[in-house]
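Structure first, commentary second.
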Amino acid sequence: MSEYKKFNVVYKGNVKKFEEQILINSAQEVRKGKQGLWCKIADEYARQLTIISINPYPEDNDKLTVDATPPSIKQIIKHTSYKNFYRWGLRGGRVGNYRIIYAIHNYHKVILLYHFDKRYNGLIKRNDLIPAELNYKDYCMDDPNLY
């Protein structure tokens, strides 16, 4: 992995809270002696975050890793004017169907903008993109978008 240039990962919005939820719930499972869905999500989240930090674009993820479960990444092309927004899907089974909206900023940063539990089928709705857009605008105040 060291041969690949890593993107800087920056947290905005509520993604850190989601990570904390994963850690708390998986720690409870470990304490109970029964590693379940939350431990599985924690493992998958950590592996996929590493993959995204190496290559956050959807088309080449399978070339960089032989991971059995590469991240489910798609570019967001509807309901937003930002062309550098992507969604990362993380299936949690009974505990949720999670999405993280992120932006690739100036070709060297991945900014994790917003997390939500997607309880519907189909495209991401406009209401789910508004918090991500606001967080990105806030971030761009200090580090302007060059494209």
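The values are calculated or read from the model by the stated rules, or taken from the named source; none is laboratory data. Only a predicted model underlies this, so the values are computations on that prediction, with no experimental measurement involved. So basically every Cβ, Gly included, is an ideal-geometry build from the backbone, and we count neighbours across all protein chains shown.
Odds and ends about this structure:
- When ILE104, ILE111, ILE100, ILE130 are checked against the criterion of being closer than 17 Å to LYS17 by Cα, at pLDDT 95 or above, of a type in the set (A, V, I, L, M, F, W, C) and out of contact with any Leu (no Cβ under 9 Å at 6 or more places or on another chain), ILE111 stands alone in meeting it.
- Evaluation of SER26 against the conditions (1) among the hydroxyl-bearing types (Ser, Thr, Tyr); (2) crowded, with 17+ Cβ neighbours inside 10 Å; (3) in contact (Cβ under 8 Å) with a residue 24 or more places away in the chain shows that the sole unmet condition is (3).
- Failed item in (1) surrounded by 17 or more Cβ atoms within 10 Å (Cβ to Cβ); (2) at negative phi; (3) more than 9 Å from the chain's Cα centre (by Cα), with ARG94 passing the rest: (1)
- Every residue from segment 29-58 that is of a type in the set (A, V, I, L, M), closer than 17 Å to GLY89 by Cβ and in contact (Cβ under 8 Å) with a residue 24 or more places away in the chain: LEU37, ILE41, LEU49, ILE52
- Within segment 1-67, helices (runs of 4 or more DSSP H) holding 2 or more residues that are modelled with pLDDT under 90 and within 15 Å of the chain's Cα centre (by Cα): none
- Whether a residue is outside any helix (DSSP H, G or I), surrounded by 19 or more Cβ atoms within 10 Å (Cβ to Cβ), out of contact with any helix residue (DSSP H, G or I) (no Cβ under 8 Å at 6 or more places or on another chain) and not polar (S, T, N, Q) was assessed, and ILE104 passes this test.
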